[in-house]
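Beneath this line is the structure, given in structure tokens, with notes to follow.
Please treat every number below as a calculation from the coordinates, not as lab data. Values in this document were obtained by computation on a predicted structure and should not be read as measured data. Glycine also receives a Cβ, built like all others from the backbone with ideal geometry; neighbour counts cover every protein chain displayed.
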Amino acid sequence: MKANGNPTIVERYSLLDRVVHIVHAAAMLALIITGLKMYFGWNFMSFHTARALHMFAVPFLLVVNWFLIPVSIVLATGGGIKEKFLHFLDHYVFGPRDASRMAGIIGNFFGKGKYPAFTIYDEASGHYKTKLHPLMKILIVLEGLAIVIIAITGIVLYSLNWSLFGLPIASWILSAGGLIAPSFGMSSLAFLRTLHLLMTYWFVFELVVHVGILELDPNVWKYYKAIFWSGKEDLKDTHYVKIVKTPSNLADKGRRNH
Amino acid sequence: MSTGIKNLVQTLDSVDFLKMDRRTFMKAVGFLGASTFLSSFQTEIVNALEFAETKIVWLHGSECTGCSESLLNAANPDILQALTKLNVNLAYHETLLAQQGIWVDNKLANTSELNSEILLDDLIKEGNYILVVEGAIPNGPNGSGRYLVLGNKPFKDIVGEAAKNANAILAVGACACWGGITSAKSAVVQETDYRGTAFLKTDASKGILSELNIDKPVINIAGCPPHPDWILLTLGAVILGKIRIPDDLPDILDQYHRPKVFYPPDHVVHDNCPRRGYYDQGLFEDQAGGPYCLWKLGCKAPYAHGDCAIRKWNNSLSVCTQAGPCSACVEPGWPDSSRPLYVESEGKGVLLGENVGTIAKVAVGAAAVAAGVHAVRRMKGE
Ligand code: HEM
Ligand code: SF4
């Protein structure tokens with residue numbers, strides 16, 4: 001999508017993308033900090049304040065992940081369900097091409113070869129073919145799963161008899177946990193709580209990888225501005241960017257090979 | 001006793017307690033101690049039970065008798081008063097009865113007046129009793145059950161016979177409920193193969209009754225030992241017909257067959273612990289002896305569904321966490337589910353013996369190092 005005026009400036013992140021990312025990051029940080037406060041007993045606030053803030057952040061995280069992100073994916077392209085699904089695959093799901101890029105990146109890390117471009121912009125269609133670092137694509141899917149797990153376990157920590165429309169959700173979760181917990185020699189509740197903590201550590205790990213490995217690079221800093229503020233990318237800066245020109249009759253084929 | 005409970009007693013005093021529906025009754029029972037319950041309603045109970053005497057057959061399996069001791073610890077009413085008030089005939093209880101097993105020339109001798117084994121046989125034949133099982137039931141060696149034999153009969157078979165003719169079955173204590181300490185992980189546990197009455201650990205298909213193909217409901221009074229109130233009040237409710245067996249059980253018991261009034265699914269001991277204020281402030285002990293919260297010393301009360309911290313033990317005087325970490329002895333699969341006892345649950349080894357904290361530290365550390373190297377290389381533009 002080309003912006004008016006300068007032909008090399010394109011929209012990398014829509015407004016919705018940016019809002020989603022900021023709210024997601026803020027909610028996640030709030031949850032990690034208040035969660036670990038409860039766990040370690042750090043003494044900067046009371047348990048009750050931490051728990052209240054924790055619970056305040058939960059709906060933000062969940063609305064962003066389970067509502068706004070799907071909406072943003074649906075709005076990102078025109079066309080039908082197939083179009084949208086392919087866009088989702090190309091942009092967010094680790095595929096064979098990401099694997100070969102990843103191999104190039106690992107090679108580069110150990111001193112072999114150039115760092116491959118991971119953002120591919122198609123001048124012919126005026127759309128990105130793919131944007132994200134391959135490692136990001138791995139993290140995104142795992143993050144989605146981890147959020148499901150932490151939300152499910154969080155329900156039980158919130159209230160042991162939480163129910164929705166009269167359905168005893170929390171006791172279902174406890175029963176399900178009870179099927180697995182004994183193989184770890186734990187009670188269901190202890191198991192669910194440990195999972196909640198493990199997922200928290202996973203998010204911390206992910207944050208270190210995300211910020212530390214992917215973004216701690218002066219040549220990537222252009223994307224900070226894009227994700228937090230402008231949403232724009234200037235294709236003149238060719239770091240990690242490749243511009244291709246796929247004739248439209250080949251576009252579909254290229255995608256199938258993907 | 002707190003004023004809250006006194007008020008409740010006054011309120012309950014003015015209603016006809018025996019006409020209460022089951023739900024209200026169980027709620028009231030949940031609030032009361034056995035002493036309050038029995039002394040407040042003594043006359044009604046005695047009137048209601050005037051001629052109906054209830055027999056109890058109390059069997060001891062592989063155990064320490066701590067559960068019976070806990071019951072004997074009940075004061076005001078003590079067990080004798082309670083039995084009198086409830087019009088109960090404790091017909092058979094190995095550690096309290098006077099009879100002995102008498103054998104002469106390999107044959108049971110004498111009468112039920114003197115010989116406990118004849119007494120037990122007679123009682124079982126007569127039927128119409130409440131069966132209480134205390135202690136685990138060995139199924140080993142090789143399914144014979146001969147690791148515990150009374151007279152010449154495997155205890156396993158005695159429980160089976162007694163269960164068949166019982167009006168109601170109560171498993172008292174962790175061992176009788178799910179194996180308890182006797183079925184904890186050990187070098188001999190496969191051999192001995194101790195079982196609970198209706199469960200083995202959390203598995204409801206491996207109780208000794210299933211092993212014997214007996215399909216009868218069991219009420220589990222969990223704990224090591226259980227609180228005397230839990231035993232007496234459950235017995236009281238069964239005797240008074242406030243718990244109809246089996247019709248009311250799905251409503252009254254949780255998935256591990258514990259009465260929800262005493263083992264509330266939505267409440268853990270940690271919620272009302274005397275040290276809870278310290279927990280809320282994040283003040284944790286890292287060695288034994290201090291006043292603060294014992295979570296990091298392995299307190300398992302956050303996982304223990306019991307009313308201990310409200311009901312209190314030792315005649316409403318104290319609760320375990322005042323002395324040391326709770327081990328969640330009321331939970332199925334105890335003690336293995338709480339081991340190691342003095343390590344917090346989240347600190348338990350889950351991968352190659354490491355706990356999630358250590359795993360996370362290693363992973364985050366490695367990621368940070370990789371990030372550093374990566375950053376330097378990127379900055380150099382390699
Ligand atoms: C998405 C839904 C979530 C819900 C419903 C939820 C709920 C809760 C609740 C109620 C507690 C308090 C436990 C207690 O009372 O002791 C808790 C603890 C905690 N939460 Fe969450 N949480 C959620 C997500 C998260 C996320 C995303 C993180 C971190 C990234 C997180 C990290 C923690 C940690 C570390 C604790 C302390 C664990 C412990 O006490 O062992 N939670 N959570
Ligand atoms: S000592 Fe145990 S029960 Fe008491 S507040 Fe601490 S963790 Fe909870």
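Residue-by-condition table, conditions (1) within 22 Å of A:GLY35 (Cα to Cα); (2) part of a strand (DSSP E or B); (3) within 16 Å of ligand 1 (Cβ to nearest atom); (4) without any contact (Cβ under 8 Å) to a residue 24 or more places away in the chain:
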position: B:ASP286; (1), (2), (3), (4): yes, no, no, yes
position: B:ILE310; (1), (2), (3), (4): no, no, no, no
position: B:GLY324; (1), (2), (3), (4): no, no, no, no
position: B:ALA328; (1), (2), (3), (4): no, no, yes, no
position: B:TRP334; (1), (2), (3), (4): no, no, no, no
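Quick check on the range B:254-301: of everything there that is among the polar types (S, T, N, Q) and within 15 Å of ligand 2 (Cβ to nearest atom), which residue is nearest to B:TRP334 (Cα to Cα)? Steps first, please.
At the first step, the residues of the range B:254-301 found to be among the polar types (S, T, N, Q) are B:255, B:272, B:281, B:287.
Adding the requirement that they be within 15 Å of ligand 2 (Cβ to nearest atom) leaves B:272, B:281, B:287.
Values: B:ASN272: 21, B:GLN281: 29, B:GLN287: 24 Å.
Out of the qualifying residues, it is B:ASN272.
Can you name every residue in the range A:217-227 that is aliphatic (A, V, I, L, M) and either more than 9 Å from chain B (Cβ to nearest Cβ) or surrounded by 18 or more Cβ atoms within 10 Å (Cβ to Cβ) (or both)?
Answer for the range A:217-227, where residues must be aliphatic (A, V, I, L, M) and either more than 9 Å from chain B (Cβ to nearest Cβ) or surrounded by 18 or more Cβ atoms within 10 Å (Cβ to Cβ) (or both): A:ALA226, A:ILE227.
Working only within the range A:216-237, note down all residues that are within 19 Å of the chain's Cα centre (by Cα), touching a residue at least 24 places away in the same chain (Cβ under 8 Å) and within 18 Å of A:TYR115 (Cβ to Cβ).
A:TYR223
Could you list all residues from the range A:201-247 that are in a helix (DSSP H, G or I) and either within 16 Å of ligand 1 (Cβ to nearest atom) or among the acidic types (Asp, Glu) (or both)? Working first, answer last.
Here is the first cut: in the range A:201-247, the residues in a helix (DSSP H, G or I) are A:201-214, A:218-230.
Scanning the range A:201-247 gives A:TYR201, A:TRP202, A:PHE203, A:VAL204, A:PHE205, A:GLU206, A:LEU207, A:VAL208, A:VAL209, A:HIS210, A:VAL211.
Sort through A:VAL71, A:VAL64, A:VAL58 and tell me the only one that's surrounded by fewer than 13 Cβ atoms within 10 Å (Cβ to Cβ), in a helix (DSSP H, G or I) and away from every other protein chain (no Cβ under 14 Å).
That would be A:VAL71, the only listed residue that is surrounded by fewer than 13 Cβ atoms within 10 Å (Cβ to Cβ), in a helix (DSSP H, G or I) and away from every other protein chain (no Cβ under 14 Å).
State which residue is nearest to the chain's Cα centre (by Cα) when the search covers only the range B:290-349 and only residues that are more than 14 Å from chain A (Cβ to nearest Cβ) and under 23 Å from B:GLY179 (Cβ atoms).
Among those that are more than 14 Å from chain A (Cβ to nearest Cβ) and under 23 Å from B:GLY179 (Cβ atoms), it is B:CYS308.
Output the residues belonging to the range A:167-199 that are small (Gly, Ala, Ser), at the interface with chain B (Cβ under 9 Å from one of its Cβ atoms) and under 23 Å from B:LEU341 (Cβ atoms).
Within the range A:167-199, A:GLY178, A:ALA181, A:GLY185, A:SER187, A:SER188, A:ALA190 meet the criteria.
Suppose the filter is within 14 Å of chain B (Cβ to nearest Cβ), small (Gly, Ala, Ser), on the phi < 0 side of the Ramachandran plot and over 16 Å from the mean Cα position of the chain (by Cα); does A:ALA50 pass it?
yes
Only one residue in A:TYR39, A:TYR13 is in contact with a helix residue (DSSP H, G or I) (Cβ under 7 Å, 6 or more places away or on another chain), assigned to a helix (DSSP H, G or I) and among the aromatic types (Phe, Trp, Tyr). Which one? Step through it out loud before you land on a result.
On the way: A:TYR13 fails: assigned to a helix (DSSP H, G or I).
Sole residue among the options that is in contact with a helix residue (DSSP H, G or I) (Cβ under 7 Å, 6 or more places away or on another chain), assigned to a helix (DSSP H, G or I) and among the aromatic types (Phe, Trp, Tyr): A:TYR39.
Out of B:GLY236, B:GLY223, which single residue is touching a Gly at 6+ places or on another chain (Cβ under 8 Å) and in contact (Cβ under 8 Å) with a residue 24 or more places away in the chain? Please lay out each step first, then the result.
Details: B:GLY236 fails: touching a Gly at 6+ places or on another chain (Cβ under 8 Å).
Within the list B:GLY236, B:GLY223, the selection yields B:GLY223.
Check the range A:129-138 and report whether any residue there is within 16 Å of ligand 2 (Cβ to nearest atom) and crowded, with 16+ Cβ neighbours inside 10 Å.
Looking for residues that are within 16 Å of ligand 2 (Cβ to nearest atom) and crowded, with 16+ Cβ neighbours inside 10 Å, one finds none in the range A:129-138, hence no.
Going by the structure shown, is B:ASP248 more than 17 Å from the chain's Cα centre (by Cα) and closer than 25 Å to B:VAL319 by Cα?
Criteria not met by B:ASP248.
Quick one: which of A:LEU164, A:LEU145 is away from chain B (no Cβ under 14 Å), surrounded by fewer than 13 Cβ atoms within 10 Å (Cβ to Cβ), within 16 Å of ligand 1 (Cβ to nearest atom) and within 19 Å of the chain's Cα centre (by Cα)?
A:LEU145
Of everything in the range B:350-376, what is facing chain A (nearest Cβ under 7 Å) and crowded, with 16+ Cβ neighbours inside 10 Å? Give them in sequence order.
Within the range B:350-376, B:VAL350, B:VAL356, B:ALA360, B:ALA363, B:VAL364, B:ALA367, B:ALA371, B:HIS374, B:ALA375 qualify.
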